[in-house]
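Report on the following structure.
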Amino acid sequence: MNPKAINLRTYDASMQPAIKLLYTRCFRVLGWDFDLQNRHADLANIPDEYQKTGQFWCLYDGETLVGTVAIRNIDTVGRVAEMKRLYVDPDRQGEGFGKLLFETALQYARDSGFKKICADTRQDRSASRHLMESHGFHAVPQYNDNDFAEMFFELELQNTALRKVNLKESANALQQLGTYTRVGTLNGNMLNVVAVENRTLDFHVHEASDELFYVIEGRFWLETEDGLTEMNEGELIIVPKGTRHRPVVTTLVKCLLIELDGTLNAQNTGT
């Protein structure tokens, strides 16, 4: 493994062919068919199944997809996350990719304010069991309706330690334009950093959530029915819920966005 070539990306539609190829290879080794109509139907619509309430990551070595993992919310009241789709290319196992993916998902669940994380697996997936047990997961009764799973685990997430975030460092670490990266949560609100360049979104409305834009670097315009508001580095603006608006970006801009967890945006709607 060449660390400089490793690139962890959040899912977008262009990755779907590589994902299909990866899972076909993984499932063939396990003696399963890749069934997008039934058993693996969640992989046919990753934005709805995972990115509306969590995230789906693809790990690349250069331009080759070598693994995936996902998090989704399975209990919005109790704030329970589920880790899913942890797979590594059969020819690349033993290189530390599984641990990297596992810990990425686990940290995301902590940062997102989940109180508990669950996962299921099978008796023959010894590597998955080892990762869960080594990170403090313990066996529990079946918590879902997955008839293909044989073992079920959970971990209580206690995130009481203070955690400092440098917004400029977080923004500069972004590897993809238009990809939301969560840096924290606050009273049910997501704190995401995102970089956008030369893009104008469609007009849209968030009916249930106010939205805060803070410009970390660069400049953009926020357009509402009242006209255009220029936003420069170090400035913030709050868009009240129910307000028709769109960002207009003509250069590279990096922003912090704060909005209620579950609010639809350009990433989890695919628009």
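Sort out which residues of region 135-158 are free of Cβ contacts under 8 Å to residues at least 24 places away in the same chain, assigned to a loop (DSSP other than H, G, I, E, B) and not aromatic (Phe, Trp, Tyr), and write them in order of number. Reasoning before the result, please.
At the first step, the residues of region 135-158 found to be free of Cβ contacts under 8 Å to residues at least 24 places away in the same chain are 136-142, 145, 147, 158.
Keeping just the survivors that are assigned to a loop (DSSP other than H, G, I, E, B) gives 136-137, 140-142, 145, 147, 158.
Once the filter is applied, which keeps residues that are free of Cβ contacts under 8 Å to residues at least 24 places away in the same chain, assigned to a loop (DSSP other than H, G, I, E, B) and not aromatic (Phe, Trp, Tyr), region 135-158 yields 136, 140, 141, 142, 145, 147, 158.
I'd like to know if region 20-36 contains one or more residues that are out of contact with any Cys (no Cβ under 9 Å at 6 or more places or on another chain), within 20 Å of residue 130 (Cβ to Cβ) and surrounded by 14 or more Cβ atoms within 10 Å (Cβ to Cβ). Explain how you work it out, then say what you get.
Residues of region 20-36 out of contact with any Cys (no Cβ under 9 Å at 6 or more places or on another chain): 20-21, 23-31, 33, 35-36.
So of that shortlist, the ones also within 20 Å of residue 130 (Cβ to Cβ) come out as 26, 29-30.
Still in the running and surrounded by 14 or more Cβ atoms within 10 Å (Cβ to Cβ): 26.
Within region 20-36 (the criterion being out of contact with any Cys (no Cβ under 9 Å at 6 or more places or on another chain), within 20 Å of residue 130 (Cβ to Cβ) and surrounded by 14 or more Cβ atoms within 10 Å (Cβ to Cβ)), the answer is yes, since at least one residue qualifies.
Conditions tested, residue by residue: (1) crowded, with 18+ Cβ neighbours inside 10 Å; (2) farther than 19 Å from residue 175 by Cα; (3) touching a helix residue (DSSP H, G or I) at 6+ places or on another chain (Cβ under 9 Å); (4) without any contact (Cβ under 8 Å) to a residue 24 or more places away in the chain.
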site: 66; (1), (2), (3), (4): yes, no, yes, no
site: 109; (1), (2), (3), (4): yes, yes, no, no
site: 113; (1), (2), (3), (4): yes, yes, no, no
site: 124; (1), (2), (3), (4): no, yes, yes, no
site: 127; (1), (2), (3), (4): no, yes, yes, no
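In the set 113, 136, 98, 78, which member is more than 21 Å from the chain's Cα centre (by Cα) and assigned by TED's automatic domain parsing to the domain that holds residue 32?
Numbers: 113 fails: more than 21 Å from the chain's Cα centre (by Cα); 98 fails: more than 21 Å from the chain's Cα centre (by Cα); 78 fails: more than 21 Å from the chain's Cα centre (by Cα).
Matching residue, one of 113, 136, 98, 78: 136.
I'd like to check something: does region 223-232 contain any residue that is assigned by TED's automatic domain parsing to the domain that holds residue 249 and touching a Ser or Thr at 6+ places or on another chain (Cβ under 7 Å)?
So far as region 223-232 goes, yes, one or more of its residues are assigned by TED's automatic domain parsing to the domain that holds residue 249 and touching a Ser or Thr at 6+ places or on another chain (Cβ under 7 Å).
Residues in region 154-188 that are under 21 Å from residue 84 (Cα atoms), over 14 Å from the mean Cα position of the chain (by Cα) and not acidic (Asp, Glu): how many?
Qualifying residue count for the region: 3.
For residue 108, state whether it is hydroxyl-bearing (Ser, Thr, Tyr) and closer than 23 Å to residue 40 by Cα.
Numbers: hydroxyl-bearing (Ser, Thr, Tyr): yes; closer than 23 Å to residue 40 by Cα: no.
The answer is no for residue 108.
For every residue, the table says whether it meets (1) in contact with a Phe, Trp or Tyr (Cβ under 9 Å, 6 or more places away or on another chain); (2) hydrophobic (A, V, I, L, M, F, W, C); (3) surrounded by 13 or more Cβ atoms within 10 Å (Cβ to Cβ).
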{"position": "137", "(1), (2), (3)": "yes, yes, yes"}
{"position": "154", "(1), (2), (3)": "yes, no, yes"}
{"position": "192", "(1), (2), (3)": "yes, no, yes"}
{"position": "209", "(1), (2), (3)": "no, no, yes"}
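Is it the case that some residue within region 81-94 is in contact with a strand residue (DSSP E or B) (Cβ under 7 Å, 6 or more places away or on another chain), surrounded by 16 or more Cβ atoms within 10 Å (Cβ to Cβ), in contact (Cβ under 8 Å) with a residue 40 or more places away in the chain and on the phi > 0 side of the Ramachandran plot?
yes
Quick one: which strands (runs of 3 or more DSSP E) sit completely within region 159-271 and have at least 3 residues that are of a type outside the set (Val, Ile, Thr) and modelled with pLDDT of 85 or more? Don't jump to the end; show me each part of the working.
Values: elements: 181-186, 189-200, 211-217, 219-224, 227-232, 236-239, 245-260.
The qualifying strands (runs of 3 or more DSSP E) are 189-200, 211-217, 219-224, 227-232, 245-260.
Kindly indicate whether any position in region 224-236 is surrounded by 12 or more Cβ atoms within 10 Å (Cβ to Cβ), among the β-branched types (Val, Ile, Thr) and within 27 Å of residue 112 (Cβ to Cβ).
No, because not a single residue in region 224-236 is surrounded by 12 or more Cβ atoms within 10 Å (Cβ to Cβ), among the β-branched types (Val, Ile, Thr) and within 27 Å of residue 112 (Cβ to Cβ).
The values are calculated or read from the model by the stated rules, or taken from the named source; none is laboratory data. Predicted, not measured: the structure shown is a model, and the values here were computed from it. No Cβ is skipped: glycine too gets one built from the backbone with ideal geometry, and neighbour counts run over all protein chains shown.
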